[in-house]
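First the structure, in the form of C-alpha cells, and then the observations on it.
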Amino acid sequence: MTISLRKAHRIVWMILAIVLPVLVIMAYLFIPS
Amino acid sequence: MSAGYQAVLWNRYKKRYDLFLWAGIILYLAVFILVNSAFFPYQNTNTILIRAFGTLAILMLHLILAIGPLCRLNRAFLPLLYNRRHLGVSFFFVASAHAGLSLLWFHGGGNLHPLVSLFTSNTHYGSFVFFPFEILGAVAWVIFLFMAVTSHDFWLNFLSPVAWKTLHMLVYGAYGLIVLHIALGILQYENSPVLFSLLLAGIGILAGLHVTAAAREYKVDKGSVTVDAGGWEYVCRIGEIAENRAKVVVVHGERIAIFKYDGKLSAVHNVCKHQLGPLGEGKVVDGCITCPWHGYQYRPEDGCAPPPFTEKLHTYFLRLEGDKIFVQSSALPEGRFVEPLRLTESPLTTKEDAFFIGWSGDNGKRVTRRAFRLGLMAAGGALALALVFTFSQHRISRFQQDYDHVQILEGWLTNDPVPVLRTPEGKDARGNPVFATVLLIDALKHGAKELVTEALQGRRTAFVKITGYGLDRQFISCGPAERSTPMCMGVGIGAVPHFPILEIADGLHSITPASSRIAEPPRAAYPGKTVEVRGEIIDPKCYFGAMNPGEGKTHLSCAVRCISGGIMPCIKYEADGQLHYAVLVGEDGRAMNQAVLPYVGEPVRIKGRLQPLDNWEFFYVEGGIQRK
C-alpha cells in the first residue's frame, strides 16, 4: 500500500478502537425499557 | 495471474478454499438451526434463520477483517489472504440472506413497500437508544453490495488499484455500522452480558490487530535514513539479506525492495501493481519477484511482468562499497532495465523456506496443511460460537398462530370500538351467558375494520360464523406473571376453543351469517374507572401470535407497520404484580392507530378509562400519550 493509504488505515482504526467500545457500552447501559 | 478477464480464474487452491468455505457455511447454519430447533422447539423458524445468518455474517466479517493484519504480522496466514475476495463475496450472500429475511419478516406484508417501511417505521433518528438500528445494517449492506460488485479484477484495473483500495476501505466504516446495528438492536433486546462481552471482544481483537500492524508499518515508514548529496542511501550489508528475499528501505516516503538472488542484487518499487501488495515481503521464484499476496510476478532486473503480462515497476540503481549496499533515491521509469549488481561471494545454498503462491499447484504440503489447520481452527471456533449464541438467547419468540388448522367461531360481530367477535362460552353459576371477546385481524399486517364494516352492511352488530386462524393451544404456556393475560385466561372454558385473537382466513368469504342462539351481550360490564398506567404499546397479532412475544426494540418497526395497517394497538402494563393487556382506543371510542405510532415500542404513560369487555380490557385514552 502507498504511504497515504497506510496513514488513512492507521487513523481509521485508531478512531474505531476508541469510538466503537464506547458506543457499545453506552448501548448496553442505556437499554430502552 | 491473468492477461485477460474471466469470471473466476479457478485453480486447485481456490477450488479447495471455496469448498472448505461453503462446507463451513453450511455446517454452521445446519448446527445453529438444528440445535435451536432441538432445544427451543417452539421458536419461530424465521427468527432462527435470521439469527443463524446474522451471527454467521458477523463472524465471517470479523474473520475477513482479521486476515489483513494477521498476514502483516505473520506470513503463516498468507494462504487465507489469497482467496479473501471469495470469502468476502460469500459473506455478502450470507449477510444478504439475513437482511432479506429480516426485511420481509419485519417490514413485508404491510401497507407500505418494505423498503419504504424500513426507513419510515421507526423515526427516532434523534435518539441514541431508540435509533432505528435496521438503517445502520441497511447502509452497511449497500457498502458490502458495492464491494462485492466491484471485487473483480476488472474493476480493480478500471478504477486503478489506489482508487479501488481506497474505496474498499469503506469496509471499515461498514464494520462500525454493523457493530452499532448489533449494539442498538439485538444487544439491547437480549440484554445479554455474553453477547455484550463477545461484541467487545470482537472489536478489541480486530482493533488490536489493525493498530499493531499499523504501528509496525509506521515504524518502517519512519525508519528511513538520510540520503547523501549524490542521492544514494545506505541499505544494509549484503549478509543481512536472505537469499531470494529482500530488504525494504524508505526513501522520500516510497518503499524500495532490494532483492538478493543468484549472486545478484536488484532494486524495484516495493508496491505490487495488482493490489498494492508488499513485494519486499515476497520471494524470487523461478527468477521472478513474486508478490506474497496473489503471486503476481516481475523480473528483478527491469521490473516487468513476464509476457504476456504487462505490469511494470520502477527500478533503481544500486551501488556496492565493500559489502555495503547503497540505492539511488531517484526512481527510474517503470520497466527500465538496470544491470544487476554481481556479488563476488557465491550464492548461499540455504534451505528453501516455505513460500505460498496461490495459483501454483506446487505449494509444499507444509504450507497447505498449515492453511488447512488455520481453516479448521476458524471453523471450529465459529461452531463453538454458534452454540454460545444459541444458549445465550433468553428471549425466544414462539410462532403461536396456528395456520395448519382453520378454526370456526360463532358469535356477535361488531366494529365497536374495534373489530371483535363475542363468542358464547357457556353459562356462569347463576345461569347467565358467558362470552369471550376475540380480537379480529386480517392477513399479514392488516386490520379487519373494513372487512367487518362490509360484513355488517350498516348494522352495529350481527351474529356470524367466522373461519380463521387462532393461536395454537399446544404452544400456550402460562407463567405466574402471565396467568391474567387473555392468552391464558379463557383457555379451556366451555366447549368452544378460546382465542384472544383470530386472523380471518379468506377475507369476506370467511364471514357468513349464522342463526343466533343467544341474545346479544351488553356492550360493557360497567362504565369503567379512570386510571393511569405505564407500559409499552404493542400490536396484539405479533405479541400473542406471529412473533410471540413481538415486543421491544427489535420489533418496534414491525409493530408500527401492523398498527399502521389497522391492527388495533394494545398496551402491555403491570398492575398488582401481574401483566395486563388492554386495547387502546380514543376517548370517544374511535381508533387511535395513527396517534400511537410515534410511541410504539417505548415506555409510555397513559391516563384514561379502563373498561373490561369479557376477557379483554379496553383503554379509552384521555389526554394523549406521555413518554415515561
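The numbers here are math on the coordinates, done by the rules we state, and not lab data. Everything numeric here is computed off the predicted structure, so don't read it as measured data. Methodologically, a virtual Cβ is constructed for each residue, glycine included, from the backbone with ideal geometry; neighbour enumeration extends over all protein chains shown.
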If amide hydrogens are placed 1.01 Å from N in the peptide plane, which non-local residues have theirs closer than 5 Å to the one on residue B:277?
B:272
Low-density loop cleavage sites - chymotrypsin sites (Phe, Trp or Tyr not before Pro) in segment B:120-192, where at most 15 other Cβ are within 10 Å (DSSP):
B:125, B:128
Show the residues, 5+ positions off or on another chain, whose built amide H is closer than 5 Å to the amide H of residue B:579.
B:484
Could you pull out every residue, at least 5 positions away or on a different chain, whose amide H is within less than 5 Å of the one on residue B:255? Hs are placed 1.01 Å off N in the peptide plane, and Pro or chain starts have none.
B:270
q = 0.12 Å⁻¹: log10 I(q)/I(0) that the Debye formula gives for chain B, counting C-alpha atoms only:
-1.15
What ranking of B:590, B:51 emerges when the number of other C-beta atoms within 10 Å of each C-beta is taken as an exposure proxy, fewest first?
B:590, B:51
Around residue B:615: net Lys/Arg minus Asp/Glu count, Cβ-Cβ under 12 Å
-2
Run the reach check for residue B:260 against lysines, Cα to Cα strictly under 28 Å, same-chain hits fewer than 8 apart removed. What comes back?
B:219, B:222, B:247, B:273, B:283, B:312, B:324, B:351, B:365
Leaving out same-chain residues fewer than 8 places away, which aspartates and glutamates sit with a Cα under 12 Å from that of residue B:445?
B:503, B:539
Here the whole-number average of other chain Cβ atoms within 10 Å per Cβ of B:175-183 is 3
Neighbour cut-off at most 12 other Cβ (10 Å), DSSP loop, trypsin sites (Lys or Arg not before Pro), segment B:226-272:
none
Counting just the Cα atoms, what span does the protein assembly as shown cover along each of its three principal axes? Round to the nearest Å and put the largest first.
116, 44, 40
Give, in whole angstrom and from largest to smallest, the semi-axes √(5λ) of the equivalent ellipsoid of segment B:243-342, with λ running over the eigenvalues of the Cα gyration tensor.
19, 14, 13
Determine the calculated [θ] at 222 nm for chain B from helices alone, applying -39500 (n - 2.57) to every DSSP H run no shorter than 4 residues and normalising by the residue count; nearest 500 deg cm²/dmol.
-11500 deg cm²/dmol
Can you tell which of B:202, B:284, B:578 lies farthest toward the positive end of the dipole of chain B, using +1 and -1 charges on the Cβ of basic and acidic side chains (Lys, Arg; Asp, Glu)?
B:284
Specify the angular offset, from 0 to 90 degrees and rounded to the nearest 10, of the alpha carbon long axis of helix B:193-221 from the longest principal axis of the alpha carbons in chain B.
20
Under a straight-distance cross-link criterion of Cα-Cα below 20 Å, which lysines are reachable from residue B:607, leaving out those fewer than 8 residues away in the same chain?
B:529, B:572, B:628
I need B:377, A:14 ordered by Cβ neighbour count within 10 Å, fewest first.
B:377, A:14
Under the Karplus curve 6.51 cos²θ - 1.76 cosθ + 1.60, θ = phi - 60°, whole-Hz ³J(HN,Hα) for segment B:125-142, x wherever Gly or Pro sits:
5, x, 10, 6, 6, 9, 3, x, 4, 4, 4, 4, x, 5, 5, 4, 4, 4
To the nearest 10 degrees, how steep is helix B:45-73 against the longest Cα principal axis of chain B, on a 0 to 90 scale?
20
Label points 7 Å out from Cα along the Cβ direction at residue B:104 and residue B:453: separation in nm?
3.2
Which ³J(HN,Hα) values, rounded to whole Hz and listed in residue order, are derived for segment B:439-453 from phi using the Karplus coefficients 6.51, -1.76 and 1.60 in 6.51 cos²θ - 1.76 cosθ + 1.60 with θ = phi - 60°, glycine and proline given as x?
6, 9, 9, 9, 5, 6, 10, 10, x, 10, 4, 5, 4, 5, 4
Between 0 and 90°, nearest 10: helix B:12-39 axis offset from chain B longest Cα axis:
20
In nm, to one decimal, how far is the modelled label at residue B:167 from the one at residue B:116, with both set 7 Å along Cα→Cβ?
3.1
For a distance above 30 Å, tell me the whole-number percent of Cα pairs in segment B:407-627 that qualify.
17
Using a 10 Å cut-off around each Cβ, can you sort B:288, B:570 from fewest to most neighbouring Cβ atoms?
B:288, B:570
Below 8 Å, C-alpha to C-alpha, sequence gap of six or more: please give me the relative contact order for chain B in percent.
12
